[in-house]
Amino acid sequence: MPRGTIVIDAERCKGCGLCIAACPQRVLAFSGSLNASGYDVARMENPEACVGCAFCALTCPDVAITVYREKKNA
Ligand code: SF4
Ligand code: SF4
């Protein structure tokens, strides 16, 4: 199973929750911390479960998510 991780740009996030619903691995959840605009920012609640599929990033309407995948044979 490939492994991945993501970085969420907190100030771009609008707390819509679409990434949370899109993640097949149930990695994401609301953090409970608000950004400067007052939105509850998503975060990785189960980071070890991330497979780097990028569904979250493709779903985010605010392009707040960057996905990194672990290289094979690295
Ligand atoms: S890259 Fe895939 S597994 Fe990882 S948080 Fe995003 S949707 Fe979930
Ligand atoms: S889809 Fe984007 S804007 Fe919506 S909660 Fe996730 S990171 Fe934030």
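Values for this structure:
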{"quantity": "Answer residue from region 21-30, given it is near ligand 2 (Cβ under 10 Å from one of its atoms) and under 19 Å from Tyr68 (Cβ atoms) and is surrounded by the fewest Cβ atoms within 10 Å (Cβ to Cβ) among those", "calculated": "Ala22"}
{"quantity": "Test result for Arg12, surrounded by fewer than 17 Cβ atoms within 10 Å (Cβ to Cβ), near ligand 1 (Cβ under 10 Å from one of its atoms) and charged (D, E, K, R)", "calculated": "no"}
{"quantity": "Residue count for region 16-48, restricted to those that are more than 7 Å from ligand 1 (Cβ to nearest atom), small (Gly, Ala, Ser) and at negative phi", "calculated": "7"}
{"quantity": "Close pairs (9 angstrom Cβ cut-off, 6 or more residues apart or separate chains): touching a residue at least 60 places away in the same chain (Cβ under 8 Å) in region 1-27, among the small types (Gly, Ala, Ser) and near ligand 1 (Cβ under 10 Å from one of its atoms) anywhere", "calculated": "Pro2/Gly52; Arg3/Gly52; Gly4/Gly52; Gly4/Ala54; Thr5/Gly52; Ile6/Gly52; Ile6/Ala54; Ile6/Ala57"}
{"quantity": "First in region 50-63 and at negative phi and within 6 Å of ligand 1 (Cβ to nearest atom), second anywhere and among the small types (Gly, Ala, Ser) and at pLDDT 95 or above, Cβ under 7 Å, 6 or more apart", "calculated": "Cys50/Gly4; Val51/Gly4; Phe55/Ala22; Cys56/Ala22"}
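Results for (1) under 9 Å from the mean Cα position of the chain (by Cα); (2) away from ligand 2 (no atom under 11 Å from the Cβ); (3) crowded, with 18+ Cβ neighbours inside 10 Å, shown as yes or no for each residue.
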position	(1), (2), (3)
Gly32	no, yes, no
Ala36	no, yes, no
Asp40	no, no, no
Arg43	yes, no, yes
Cys56	yes, no, yes
Val63	no, no, no
Glu70	no, yes, no
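The values are calculated or read from the model by the stated rules, or taken from the named source; none is laboratory data. As the structure is a prediction and not an experimental result, all values here were calculated from the model. Virtual Cβ from ideal backbone geometry, glycine too; neighbours counted across all protein chains shown.
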